[in-house]
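Some notes on the structure that comes next.
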Amino acid sequence: MNKEHRTPSPAGAGFAITRKVRVILVVIVMAIILFLISFASHKESVVIGVPNWESGEATARFLKETIESDLNTPVILRYDEDGKGLTNEEIYSGIAEGTIHIHPEGWVPLHSDYHTEYAESLMESKNGYSTRQGLCVVEAVADEYRMQDEEDLRKVEGSDIWVGAPGWSSTEQETERAEKYGYAETLNVLVLEEEDAFKRIEESIDSEEPFVFYCYEPSSMKQRYNIVELMEPADDKRPQEKVYVYYAKSLADMNESVAEYLRNVRLERQQVNEWLFEAAEEEDNSEDKEEEEE
């Protein structure tokens, strides 16, 4: 029996092609939608400049944790190329240049020169907290040399005095005070990183040899060590400082929710002291554990 040979209908072929085109178009549209959703949900990372002092770093870490968990925004902590904290100049200029968005601990009036220089780029949080600063010695040295006020620095002539770390505004302040009151000529003025100064404090505790050092709050110093703050001259006390969070004005356009959070963030000195004490305890426990294992 002869089989009838049928030629495929042009209409049928067109239908198959049309169906395939529709599937391809649906796939393309879905891909575009998913891309747009992903793009819309993506948030540019916020960069916090980490200061080269312990309370500044602690506050930077707190802000990072809060912004990431509560505001669903990725945060980068910016250190220098050696993994150390940044100076004030590096952080404030970074905000002006757009490479950094937040300075977690701006001191007023100590940082006023930076705030004036970069005023067009900076915003200040509404809420600040009061700090303390001065000169200290360990308790054993204070007792041995009967030191109560800064005039008693003459009793430890030839000793070292740490006036702060590189890039701190307070380092300039303390250097000027040392020259003004003459103990820059009788003591060896040192500018060291804070961690190195802590080692010198521990050495002073162990040896009971005089070592004078700049002390401030928030800090773990008074919780780690038995220290005595020397009284300032009554007629020339250091300015009463307050700490605020400073952030880039451009942050409001980049991420309005983060800018609003920073504008209203409220921190307390005791709160930061507690973070530092907990961190110091963890560090001490870790060192003790390592010694036991050795």
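All of the numbers you see were taken from the coordinates with simple rules; none came from a lab. Computed from a predicted structure; not experimentally measured. Please note: Cβ atoms are built from the backbone with ideal geometry, for glycine as well, and neighbour counts cover all protein chains shown.
A simple rule links phi to the HN-Hα coupling: the Karplus curve 6.51 cos²θ - 1.76 cosθ + 1.60 with θ = phi - 60°, which for the stretch 272-281 gives 5, 4, 5, 4, 5, 5, 4, 5, 5, 5 Hz, with x for Gly and Pro. Cross-linked pairs K126/K180; K222/K249; K180/K222; K155/K199: Cα-Cα separations exceed 29 Å for K126/K180; K222/K249.
Couplings for the stretch 248-263, taken from phi via the Karplus curve 6.51 cos²θ - 1.76 cosθ + 1.60 with θ = phi - 60°, read 6, 4, 5, 5, 4, 7, 6, 7, 4, 5, 5, 4, 5, 4, 5, 4 Hz in order; Gly and Pro are left as x. Quick one: Cα centre-to-centre distance for the stretch 45-105 and the stretch 246-271, in angstrom? Cα centroid of the stretch 45-105 versus Cα centroid of the stretch 246-271: 12 Å apart. Relative contact order, whole percent, for the stretch 132-229 stands at 47, derived from Cα pairs under 8 Å and 6 or more residues apart. What FRET efficiency, computed as 1/(1 + (r/R0)^6) with R0 = 51 Å and r the Cβ-Cβ distance, is obtained for K84 and E151, rounded to the nearest 0.05? Plugging the Cβ-Cβ distance into 1/(1 + (r/R0)^6) gives 0.90. Does the stretch 81-231 classify as rounded, prolate or oblate by the C-alpha gyration tensor (a ≥ b ≥ c root eigenvalues; a/c under 1.5 gives rounded; else a/b over b/c gives prolate, otherwise oblate)? Because a/c hits 1.5 or more and a/b exceeds b/c, the stretch 81-231 counts as prolate.
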